Amino acid sequence: MNRKKVYLIGVGMGSESSLTKEAIDILSQVPVVIGARRMIQSFQNTSIWITREEMGNQPEVYVEYHSLEIADYIKGLEQFPVAILLSGDVGFCSGAKKLLKALEFCEVMMLPGITTVAYLASRFNLSWDDMNLTSLHGTANAIVNRVHHNAYTFALLGGKDSVNQLCNLLMEYGMEQVKLHVGECLSYPSEKIQTISPLEGYMGGQQELAAVIIENPNPCNEISSSIVDDDFIRGKVPMTKAEVREVSISKLKLTKDAICYDVGAGTGSIGIEIACKSTDIQVYAIEKNSEAVDLIEQNKRKFRVDNLSVVEGLAPQALESLPAPTHVFIGGTTGNLESIVYAIWEKNPTVRIVLNAIALETVALAVDFEKKHPELQSEVVQLHVSKSRTLGGYHMMTGQNPIYIITWQKP
């Protein structure tokens, strides 16, 4: 049985001038064209549509962008091949990924289009081979963290005031020095490009079809396994020390796209270290002390980790509205160790948990908990760190509190 032929066509910016020759040839012949309303409207303004209309050969049109609805529609078709129009390029922030899965019963061919990043970079005479690429459609996507670590960051924007919202966010994190190369309605007659600073904001009313290249003249190029203790804003709130953070985070065995809780976050040192490791990791710092919450917010802005969210409240109650974690660090429990772990397990039974314990009472609670759950894969490390200090002409070692680093995970 012959499989139904479907073309996924990247239409570039949307205007006819950004269509490839291959896309034009196919759209001049196919009996059915599918796409979101903007894609269909753009197609109906092309000479391809006008010519086919004059010849009485215009294709059947179906306005839809949800992959499952498109698949159901195609199952009922008798005419083929079918062209599905997708904005930009089919390989970047495209609906093609979901469509490929939904159309497994079809013979699918992907036709690339001109990407927004390539088009916008050319407008500003920039190379884009070293740009960090992301989309801000419906999510912040750690844009501040990305800009902090990259000389150039490209982002697709969504919403009519998205440029000024981005400017305000960058200002909040003290990034006044960056430049924003903004393009809207790219490839259309109303195309508009300009370079602005976050302080200036966007000039004139912004359209929804916008993208930006953010240029950072002084990106952070440091690859550090840990942050120096003195770099944190601390106040009078206890903080997990650098060497303990290093071992504790290594025991978490973090993965890409991890969702990590820092329970009893204190100054936020553990959560901030984790957030610094990857823009793909989302961190939730849970803390009940209002002074500590303020310190976490200050450190969040200082280290520009917008992929960390501060949650004020007492665990386990404060965990209820959070997404299921893949990794959890517990630095403080206020005597609620068991209820915290049970609440975490309800969200994800196989989550990896690392607990720090200084007081012997906390160690005893952990040992008792393990006895109740013999199925746990457990590891206990005792770490005793001494650091040198000068005394006259001598170097003396000063010991810190010994700490137990306990790792739990269900098989």
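The values are calculated or read from the model by the stated rules, or taken from the named source; none is laboratory data. From a predicted model like this one, the values you see are computed outputs, not experimental measurements. FYI the Cβ positions are ideal-geometry reconstructions off the backbone, even for glycines, and counts take in every protein chain you see.
Of all the numbered requirements in (1) within 24 Å of residue 9 (Cα to Cα); (2) not in a helix (DSSP H, G or I), residue 175 misses one, and that requirement is (1). Annotation note: of 257, 280, the sole residue that is out of contact with any Lys or Arg (no Cβ under 9 Å at 6 or more places or on another chain), in contact (Cβ under 8 Å) with a residue 12 or more places away in the chain and within 19 Å of residue 322 (Cβ to Cβ) is 257. Checking the stated criteria, residue 188 turns out to be in contact (Cβ under 8 Å) with a residue 60 or more places away in the chain, surrounded by 16 or more Cβ atoms within 10 Å (Cβ to Cβ) and more than 16 Å from residue 304 (Cβ to Cβ).
Report whether or not residue 157 is in the same structural domain as residue 81 (by TED's automatic domain parsing), touching a residue at least 24 places away in the same chain (Cβ under 8 Å) and either buried (at least 22 other Cβ atoms within 10 Å of the Cβ) or not β-branched (Val, Ile, Thr) (or both). Against the criterion (in the same structural domain as residue 81 (by TED's automatic domain parsing), touching a residue at least 24 places away in the same chain (Cβ under 8 Å) and either buried (at least 22 other Cβ atoms within 10 Å of the Cβ) or not β-branched (Val, Ile, Thr) (or both)), residue 157 does not qualify. In the range 317-339, the residue that is surrounded by the most Cβ atoms within 10 Å (Cβ to Cβ) out of those that are touching a strand residue (DSSP E or B) at 6+ places or on another chain (Cβ under 8 Å) and more than 18 Å from residue 408 (Cα to Cα) is 319. Of the residues that make up the range 130-150, is at least one at pLDDT 90 or above, outside the structural domain of residue 280 (by TED's automatic domain parsing), surrounded by fewer than 16 Cβ atoms within 10 Å (Cβ to Cβ) and among the hydrophobic types (A, V, I, L, M, F, W, C)? For the range 130-150, residues at pLDDT 90 or above, outside the structural domain of residue 280 (by TED's automatic domain parsing), surrounded by fewer than 16 Cβ atoms within 10 Å (Cβ to Cβ) and among the hydrophobic types (A, V, I, L, M, F, W, C): absent. Assess whether residue 348 counts as being of a type in the set (S, T, N, Q) and either under 30 Å from residue 411 (Cβ atoms) or more than 27 Å from the chain's Cα centre (by Cα) (or both). Criteria met by residue 348. Is one or more of the residues making up the range 198-214 surrounded by fewer than 18 Cβ atoms within 10 Å (Cβ to Cβ) and in contact with an Asp or Glu (Cβ under 7 Å, 6 or more places away or on another chain)? For the range 198-214, residues surrounded by fewer than 18 Cβ atoms within 10 Å (Cβ to Cβ) and in contact with an Asp or Glu (Cβ under 7 Å, 6 or more places away or on another chain): present.
A quick yes/no check of all residues on (1) under 24 Å from the mean Cα position of the chain (by Cα); (2) hydrophobic (A, V, I, L, M, F, W, C):
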position	(1), (2)
307	yes, no
315	no, yes
333	no, no
352	yes, no
407	no, no
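Restricting the first member to the range 285-303 and to residues that are closer than 20 Å to residue 259 by Cα, and the second to residues that are assigned to a helix (DSSP H, G or I) and modelled with pLDDT of 95 or more, the beta-carbon pairs closer than 6 Å and six or more apart or on different chains are 285/271; 285/296; 286/318; 287/293; 299/272; 303/272. From the list 170, 157, 186, the lone residue that is at pLDDT below 95 and over 15 Å from residue 124 (Cα atoms) is 157. Among the candidates 352, 301, single out the residue that is buried (at least 22 other Cβ atoms within 10 Å of the Cβ) and either at pLDDT 95 or above or of a type in the set (S, T, N, Q) (or both). Exactly one residue qualifies, and that residue is 352. Filtering the range 245-277 to residues that are surrounded by fewer than 21 Cβ atoms within 10 Å (Cβ to Cβ) and closer than 20 Å to residue 228 by Cβ leaves 246, 247, 250, 277. Just so you know, in the range 283-298 the residues that are closer than 21 Å to residue 141 by Cβ and not aliphatic (A, V, I, L, M) include one that is surrounded by the fewest Cβ atoms within 10 Å (Cβ to Cβ), and it is 297.
Where strands (runs of 3 or more DSSP E) fall wholly inside the range 1-105, the ranges with 2 or more residues that are in contact (Cβ under 8 Å) with a residue 60 or more places away in the chain and β-branched (Val, Ile, Thr) are 4-10, 82-86. The requirement of being farther than 25 Å from residue 185 by Cα and out of contact with any Pro (no Cβ under 9 Å at 6 or more places or on another chain) is not satisfied by residue 97.
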